[in-house]
Amino acid sequence: MKLKYILILVLGFAVSIGGIAYFKSTLKKTIYNTTNITAQNLQSGCTLTTAKNGWQNKTFSDQSGIVTVTFTVTPFGDVRNSVIALSDANISDKSNFAASVIFTDSGLIKATNGSDYVDSLGVPYLNNVSYTFRFALDTSKQSYSAYVTSSGSTEKSLGSDLALNKKVSKLNLLSIRIDPSKTGYLTMCKFNASSDSVVITSPTPTPNISEGLPAGCVAVSDTSGFLNTPMAIQEGIFNIEFDATPSINFGNMFVGLSKDSRIDFNGLAAIVRFNIKGYIDARDGDVYIPSKITYKANTPDHFRLVADIPNGKYSAYVTPKGANEITLGTNLEFRSDQKNVRELNNWAAAIGIGTAGNLLICNFKIY
C-alpha cells in the first residue's frame, strides 16, 4: 500500500513538472513565435518585426522632391534602441540611412539630425500604444522634418529642417531594426509614401472645376497640387479675409500664407484647415489647436486672419454661414519652419493626401 502511494505521488509530481514545462514552452511560443503573433493579432496590411529579423526592409516606388512618408507603429515588450529609417538602398548599418527615428533607452522617441539624435526634443513612448509617424523630406535641400502622433493625442515635432545622415536623390525604402539583445517586437501599419513637385502659380482653376465659378473665385482640387496666388508684400501687421467652401465632409483641406509660391505645407506660416474629423482648426507652431467648430460640404465659411509678421504670430477667426464670428485661436505661432520669416507675399490652398474633393475660395481681400 505504501509503495502504491509512493508511486502515485511520484507520478503526480512528474505530471506537475511536465505541465509546468509545457506551460512555459507554450507561453514562450505565444510571446515570441512570429507566426503565432501574425495569425492571431496582426491586422491585414501590417508587418511584424522582431529582433531575429535584422533589418527588415520595405520597398516602395521611387519618390523625390518633397516626399511625405507616414506609417503607424505599435511597440510591444522591450524595444529599446529600435530604429526606423528611410533610405534609397538596403540598410545594413547606420551609415546607410538618410533619416530615422529611434525608441531610446530612456523611453523617448527621437529623430536624427545628421548622424546624431536630437537631444532637445523627444516624445515619451509606452507599450501597446500606437504612434503615427510623418516624415517630410526635401531631397533638393537634403533636409527633413519628423513628427509623431500618439493615440488620442495631437501631432508633436521631433525636429524641423534636420540634416540627412546620407545624401539621397530619391527615397524608396523603409527599414526597421530591433536591437538583437531585446525581446520585444514592433508592428507597422497604414504605410504611405508620396511626393509632390507640382506648383500652380496661376489662380486659374483646374479643368474639372473651372466651369461655372462665380466672379472673384478660384478653386483647388485633389489633383492640382498647391494653388498659389501672389499678393502685395506684407512686412508688418495686416488682415486677410476670404470665403472657403469645401465640396465634401471630412476632408483635409488647407489655406495658408507664405513667402513666395509653395509646394509643401512646411512653407506655410499661418494655416487654417478643414480637417478629416469634420472640424475647422488653425495651426499653432507644430500642432493644430483642437476645435469643435464643424463644417458642411458645399457651405461657405468666412475666414479672417490677423498676421503679425515681426512677432511671428497670427490670430484666426471663422464665421459659419448664418452664425457669428468664432475665434479659432489668438497669438498663434507661425509654423516652426517659418518662425523667422520677415515678409509674406503669397497665399496658397491645397488638398491633403487621401482627400478626393475641391475647395472653392472667393472674395479674398487684404488690408
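A short reminder: the numbers here are calculations on the coordinates, not readings from a lab. Bear in mind that the values here come from a model prediction, so they are computed numbers and not experimental data. Neighbour counts run over all protein chains shown; Cβ positions are idealised from the backbone, glycine included.
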Using the structure shown, list the pairs from K58/K110; K58/K190; K190/K292 with a Cα-Cα distance above 24 Å, or answer none. K190/K292
On the formula 1/(1 + (r/R0)^6), with r taken between the Cβ atoms of T154 and N311 and R0 of 25 Å, the FRET efficiency rounded to 0.05 is 0.60
Tell me which aspartates and glutamates have Cα within less than 20 Å of K166's Cα, excluding those fewer than 8 residues away on the same chain? D62, D88, D93, D116, D119, D138
Seen from all sides and averaged, what is the projected area of the convex hull of the Cα atoms in segment 244-312, in nm²? 5.0
Would you work out if segment 103-159 is rounded, prolate or oblate? Take a ≥ b ≥ c from the square roots of the eigenvalues of the alpha-carbon gyration tensor; rounded if a/c is under 1.5, else prolate when a/b is larger than b/c, oblate otherwise. oblate
Quick one: if you stick a label point 7 Å off each Cα along the C-beta vector at T229 and K365, how many nm between them? 1.4
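Subtract the Cα-Cα distance of E325 and K190 from 0.36 nm times their separation in residues, and report this length gain in nm to one decimal.
Details: separation 135, 0.36 × 135 = 48.60 nm, distance 3.75 nm.
That works out to 44.8 nm of additional length.
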